[in-house]
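A quick write-up on the structure given underneath.
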Amino acid sequence: MEKQFPRTQVEGISLSRMLIGTNWLLGWSHTSVSADEMIKARYDSAQAFKPVLEAYLRHGVDSIMAPFGLSPELTKAVKETEQHMGREIVMIDTPTLNVDDTPEARREAERMVKAASRGAKLCLLHHSCVEQLVNKNLGQIPRLDDYTKMVRDAGMVPGLSAHMPELVVYSDKNGYDVQTYIQIFNCMGFLMQVEIETVASIIHNAKKPVMTIKSMAAGRCSPYVGLTFSWNAIREKDMVTVGAFSANEAEEDIEISLAAIERRFPNLEKRASPVQNQAAFG
């Protein structure tokens, strides 16, 4: 049996500390339109997703983050992989809700949350909708309680996608029913709204576990650099979301991550070169 990845908990729900990221499965490369199209061409069916999911699952990485409502094929792949592997996959949904302050918008939001509850255990409201509610002057997120209650009523644990770091601070300060956060965090400061040190401080002082994302800055740094930084810069209860374009990439990322946690050098093949017989290659 493969070594199983360390675990943490969010309100009693056991999660692998590595979360399966899905940008490089669903077509959000943060690189180019052509890269997005390449991803979508490769992952165009439930069958295509399964080898990657199985690679993660063999190592106990059994928690996946995605806006599942946008990809019925990924949802199908998760369920079929569970059956094939005989192991549950914890789904973390990140829906984008209509947060307009109208009865019609609330009904629409409730429908989306209920749809998420068909498979997910945790529902983290997407940053693009939550940030519309933020009042920096008051240090509050007005009406957030309306939406976390919808999540509770649908039988899921509520959380926030907090690309804006203030969301973590405001949520903790005001005692909102938020049990975990998604926060951008990487060694290059990619897409981060303030300095790396500031976000690191916010993560370390957060009252609830934090799910970090963009650990490799969407391919702008190597997995060894990005993952080694992330695992050494967060708490033991926090998580790192790691996406891969193939099963082999997932295996490499898992080994690099385990090595970082265990404070050893990862067991990896040498990179290809036209001339392998070079002293610098070891």
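The values are calculated or read from the model by the stated rules, or taken from the named source; none is laboratory data. As the structure is a computational prediction, the values presented were derived from the model and not from experiment. Virtual Cβ from ideal backbone geometry, glycine too; neighbours counted across all protein chains shown. Note: accessible area is taken over every heavy atom of the protein model, side chains too, but ligands, DNA and RNA are not part of it. Shrake-Rupley method; radii C 1.70, N 1.55, O 1.52, S 1.80 Å.
Out of curiosity, is residue 131 over 25 Å from residue 62 (Cα atoms), open to solvent by 40 Å² or more (accessible area, probe 1.4 Å), in a helix (DSSP H, G or I) and in contact with a His (Cβ under 9 Å, 6 or more places away or on another chain)?
Numbers: over 25 Å from residue 62 (Cα atoms): yes; open to solvent by 40 Å² or more (accessible area, probe 1.4 Å): yes; in a helix (DSSP H, G or I): yes; in contact with a His (Cβ under 9 Å, 6 or more places away or on another chain): yes.
Yes.
Among the candidates 150, 65, single out the residue that is of a type in the set (A, V, I, L, M) and without any contact (Cβ under 8 Å) to a residue 60 or more places away in the chain.
Working: 65 fails: without any contact (Cβ under 8 Å) to a residue 60 or more places away in the chain.
That would be 150, the only listed residue that is of a type in the set (A, V, I, L, M) and without any contact (Cβ under 8 Å) to a residue 60 or more places away in the chain.
Kindly indicate the residue of the range 76-111 that is surrounded by 21 or more Cβ atoms within 10 Å (Cβ to Cβ) and assigned to a helix (DSSP H, G or I) and also nearest to the chain's Cα centre (by Cα) among those meeting that condition.
78
Exactly one of (1) on the phi < 0 side of the Ramachandran plot; (2) surrounded by 13 or more Cβ atoms within 10 Å (Cβ to Cβ); (3) not charged (D, E, K, R) is unmet by residue 217. Its number?
For residue 217, the exception is condition (1).
Say whether the condition of being over 18 Å from the mean Cα position of the chain (by Cα), open to solvent by less than 60 Å² (accessible area, probe 1.4 Å) and touching a residue at least 40 places away in the same chain (Cβ under 8 Å) is met by at least one residue in the range 170-181.
No: the range 170-181 contains no residue that is over 18 Å from the mean Cα position of the chain (by Cα), open to solvent by less than 60 Å² (accessible area, probe 1.4 Å) and touching a residue at least 40 places away in the same chain (Cβ under 8 Å).
Go through the range 241-282 and give me each residue that's modelled with pLDDT under 95 and either within 18 Å of residue 61 (Cα to Cα) or of a type in the set (A, V, I, L, M) (or both). Please lay out each step first, then the result.
Pass one, the range 241-282, residues modelled with pLDDT under 95: 267-282.
Of everything in the range 241-282, those that are modelled with pLDDT under 95 and either within 18 Å of residue 61 (Cα to Cα) or of a type in the set (A, V, I, L, M) (or both) turn out to be 268, 272, 275, 279, 280.
Would you mind stating whether residue 207 is surrounded by fewer than 21 Cβ atoms within 10 Å (Cβ to Cβ), of a type outside the set (S, T, N, Q), touching an Asp or Glu at 6+ places or on another chain (Cβ under 8 Å) and farther than 17 Å from residue 163 by Cβ?
Details: surrounded by fewer than 21 Cβ atoms within 10 Å (Cβ to Cβ): yes; of a type outside the set (S, T, N, Q): yes; touching an Asp or Glu at 6+ places or on another chain (Cβ under 8 Å): yes; farther than 17 Å from residue 163 by Cβ: yes.
When the stated conditions are applied, residue 207 passes them.
Out of the residues in the range 25-60 that are β-branched (Val, Ile, Thr) and open to solvent by 10 Å² or more (accessible area, probe 1.4 Å), which is nearest to residue 4 (Cα to Cα)? Spell out the reasoning first.
Of the range 25-60, the ones β-branched (Val, Ile, Thr) are 31, 33, 39, 52.
In the following step, the residues that additionally are open to solvent by 10 Å² or more (accessible area, probe 1.4 Å) were identified as 31, 33.
Values: 31: 32, 33: 36 Å.
Going through the qualifying residues, I end up with 31.
I want to confirm something. Restricting to the range 177-235 and keeping residues that are assigned to a loop (DSSP other than H, G, I, E, B) and among the β-branched types (Val, Ile, Thr), which single residue is modelled with the lowest pLDDT? Can you show your working first?
Step one: filter the range 177-235 for residues assigned to a loop (DSSP other than H, G, I, E, B), giving 177-180, 185-195, 206-209, 214-216, 220-222, 233-235.
Cutting the leftovers down to among the β-branched types (Val, Ile, Thr) gives us 178, 180, 194, 234.
Values: 178: 98, 180: 98, 194: 95, 234: 98.
Out of the qualifying residues, it is 194.
Given (1) out of contact with any strand residue (DSSP E or B) (no Cβ under 6 Å at 6 or more places or on another chain); (2) at pLDDT 95 or above, where does residue 115 come up short, assuming only one miss?
So the condition that residue 115 fails would be (2).
Which one is farthest from residue 140 (Cα to Cα), of the residues in the range 182-201 that are crowded, with 21+ Cβ neighbours inside 10 Å and not polar (S, T, N, Q)? Spell out how you get there, then give the answer.
Step one: of the range 182-201, the residues crowded, with 21+ Cβ neighbours inside 10 Å are 182-186, 199.
When the remaining residues are screened for being not polar (S, T, N, Q), the result is 182, 184-185, 199.
On the way: 182: 18, 184: 21, 185: 23, 199: 19 Å.
Checking each candidate, the answer is 185.
What are the residues in the range 249-266 that are open to solvent by 20 Å² or more (accessible area, probe 1.4 Å), in contact (Cβ under 8 Å) with a residue 60 or more places away in the chain and either not charged (D, E, K, R) or not in a helix (DSSP H, G or I) (or both), if any?
Listed by number, the list holds a single entry, 261.
Take the residues in the range 222-246 that are aliphatic (A, V, I, L, M), farther than 27 Å from residue 38 by Cβ and within 16 Å of the chain's Cα centre (by Cα); name whichever of them is least open to solvent (accessible area, probe 1.4 Å).
So in the range 222-246, the residues aliphatic (A, V, I, L, M) come out as 225, 227, 233-234, 239-240, 242, 244.
Now drop any that are not farther than 27 Å from residue 38 by Cβ, which leaves 233-234, 239.
Add one more test, that the residue is within 16 Å of the chain's Cα centre (by Cα), and what stays is 234, 239.
Details: 234: 18, 239: 0 Å².
Here the residue is 239.
In the range 143-169, what count of residues is obtained for those that are in a loop (DSSP other than H, G, I, E, B) and either open to solvent by 40 Å² or more (accessible area, probe 1.4 Å) or not hydrophobic (A, V, I, L, M, F, W, C) (or both)?
Our first condition is that a residue be in a loop (DSSP other than H, G, I, E, B); within the range 143-169, this holds for 143, 154-156, 162-165.
Next cut, either open to solvent by 40 Å² or more (accessible area, probe 1.4 Å) or not hydrophobic (A, V, I, L, M, F, W, C) (or both) only: 143, 155, 163, 165.
Number of matching residues: 4.
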